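This report refers to the structure that appears directly beneath it.
Read-outs throughout are calculated quantities, based only on the coordinates presented, and are distinct from any laboratory measurement. Keep in mind that this is a model prediction, so the values were computed, not measured. Cβ coordinates were reconstructed from backbone atoms using ideal geometry, including for glycine residues, and neighbour counts include every protein chain displayed.
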Amino acid sequence: MEEVNYRQAVRGSVNKEFEDFKQTLLASNDTQKVFDAALEINTKRELLDVLDGDYISATEYRALYQERDEILKNLYDGLCAENYVPANNEYVLAEAITMYCKDRYADIYEEENATRYFGKDETDIGYYYMPKGLTSQALHDIKEPCEYYVIASPVCCLSPEIKAKHRITFLKIDRDIEERELKIDMAKSNMERAVVALIEKERDMTNLPNNIACKLSIEKGIKENYDGLRLGKDFEEDIIREHGIDRVLYVLANTIQQKQWDGRFSSDNKKWAREYQIPEDTLNRCFVVESHPAVVDGFINRIRKMEQGKSKIYFTKIEEKDDYGETVGYSAVTVNENDGYLYNLLDNPFPTMEKLTGKINALRAEHPTNFFIEKSPTELLAMSNIIQREKRAIAQQKDANKKEFAKKWKQDNTDKKGEIEIE
């Protein structure tokens, strides 16, 4: 049975539905009826623009396919029933469509989070995608026995020993491979390409003289900037500039892997270090950072924060339109991982998408320690919403804790006032 192209099918359905809707209005020859339908016309036109663009994920197209022939009607009725007001903003509308689909097709989203098997190659390597994480429990999802496994996942909770035992090569999403590369027909070939790139990177990372030089730079930097109480700042920039952030992280991960027994390294950093596939070699001891473990642990926190925050810039390229729907330029929007809000990556829009792409490539070349990671508009908006949601949840919990404390304090003081002293 031929696999359905949900994106194409949905787009074809909504365009036909909008054309039928338009012809029905025109055939009525009733100007009052057309005037009264102004909101519906505008909203359905906005819906059509979003569904024809690249604003929602493949999961939403699959969900909407279940309502083909009535997609526009159902979306309009559902969004208006929830008091949606057209905002002339594709990202807001895309989020509304996403929430609409999640409310009605939770089973499809659950299925999307299930482990996916992309088959194996002629060398008996099996390719898997585990959206919920590579854990011991997730290994039970492997039904097809293979000689080796390549597993892509957002996080790996397996020790190097278990990965070696099961002959697993781990691809970390957004570091070794983009998540969107796993949701298309070319997923298996994309994973094969990512494995080759990972092997080349590891081959470079296993250069012993370079790793030893990096280890010595870290020890020297810590020695010169630690006063016995605090570790100075900014010296790590020089180390990264000299050795590259990838090698610094590799040497630090190796340090923890060689000292798993040491309780002065945090459990979070130990978990992080296990994600690095460092080939077993007795010479790995040669590039273990021998500074005080507690100080090294703090240094690792600082480098990881740089790698996760400052050094990673998530962005999407957008086409800017005026109030009349005319294109006025092309911009790049980035998400602030501290507050979740979207900002312009560059000061001014560019006249063509090619010029915008050229500028972004130039920025990548100027900042070799940074990672400019491109996301689809939906993915970037989802990141923004998740960050803001988490911040609201934290704020609400703090507020609840304050109210609970105030209630308890009031109760305790009220009880004391009501006590009767007996002599």
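When you filter the chymotrypsin sites (Phe, Trp or Tyr not before Pro) in the stretch 232-264 for DSSP loop state and at most 11 other Cβ atoms inside 10 Å of their Cβ, you are left with 261. To the nearest ten degrees, helix 90-104 and the longest principal axis of the Cα atoms of the chain are 90 degrees apart. With the Cα gyration tensor of the stretch 206-303 giving a ≥ b ≥ c as the square roots of its eigenvalues, does the rule (a/c under 1.5 for rounded; else a/b larger than b/c for prolate; else oblate) give rounded, prolate or oblate? Oblate, since a/c reaches 1.5 and b/c is not below a/b. Once you have a ≥ b ≥ c as the square roots of the Cα gyration tensor eigenvalues for the stretch 312-379, tell me rounded if a/c is under 1.5, and otherwise prolate or oblate according to whether a/b is larger than b/c. Oblate.
Return the subset of 102/183; 120/317; 312/355; 102/188; 102/305 for which the Cα-Cα distance in this structure is over 25 Å, preserving the input order. Walk me through the numbers before you get to the answer.
On the way: 102/183 18 Å; 120/317 35 Å; 312/355 22 Å; 102/188 27 Å; 102/305 32 Å.
The answer is 120/317; 102/188; 102/305.
Between the alpha-carbon centres of the stretch 336-355 and the stretch 240-306 there is a gap of 34 Å.
Karplus-derived 3J(HN,Hα) values for the stretch 60-71, using 6.51 cos²θ - 1.76 cosθ + 1.60 with θ = phi - 60°, are 5, 4, 5, 5, 5, 4, 5, 10, 3, 6, 9, 5 Hz; glycine and proline are entered as x.
By the rule of a C-alpha distance below 17 Å, with chain neighbours fewer than 8 residues away ignored, the lysines paired with residue 223 are 215, 233.
Counting other Cβ atoms within 10 Å as a rough exposure proxy, the listed residues 135, 43 run 135, 43 from fewest neighbours to most. Converting phi to 3J(HN,Hα) with the Karplus coefficients 6.51, -1.76 and 1.60 and the offset θ = phi - 60°, the stretch 180-185 yields 4, 6, 9, 10, 10, 4 Hz in sequence order, with x at every glycine or proline. Computed from backbone phi with θ = phi - 60° and the Karplus coefficients 6.51, -1.76 and 1.60, the 3J(HN,Hα) list for the stretch 124-131 is 6, 9, x, 10, 10, 10, 10, x Hz; x is used for glycine and proline. Distant-in-sequence amide contacts of residue 313, defined by a placed amide H-H separation under 5 Å and a gap of 5 or more residues or a different chain, comprise 371, 372, 373. Rounded to the nearest 10 degrees, the angle from helix 245-258 to the longest Cα principal axis of the chain is 60 degrees. Taken along the Cα-to-beta-carbon direction at a fixed 7 Å, the label points for residue 386 and residue 326 span 3.9 nm. Cα centroids of the stretch 17-65 and the stretch 111-176: 42 Å apart. Taking every C-alpha pair closer than 8 Å and separated by at least 6 residues, the mean separation divided by the residue count of the chain gives a relative contact order of 11 percent. Residue order for 353, 205, fewest other beta carbons within 10 angstrom first, comes to 353, 205.
Between amide H atoms placed 1.01 Å from N, distances below 5 Å from residue 174 occur with 179, all of them 5 or more places distant or on a separate chain. Going by alpha carbons, how many degrees (0 to 90, nearest 10) lie between the helix axis of 6-28 and the longest principal axis of the chain? Relative to the chain, helix 6-28 is tipped by roughly 30 degrees. Look at 289, 333, 295 and count the other Cβ atoms within 10 Å of each Cβ; fewest to most, that gives 295, 333, 289.
What share of Cα pairs, in percent, lie more than 34 angstrom apart in the chain? Result for the distance tail: 49 percent. When the trypsin sites (Lys or Arg not before Pro) in the stretch 228-271 are filtered for DSSP coil states and for at most 11 other beta-carbon atoms within 10 Å of their beta-carbon, the remaining sites are 230, 233, 264.
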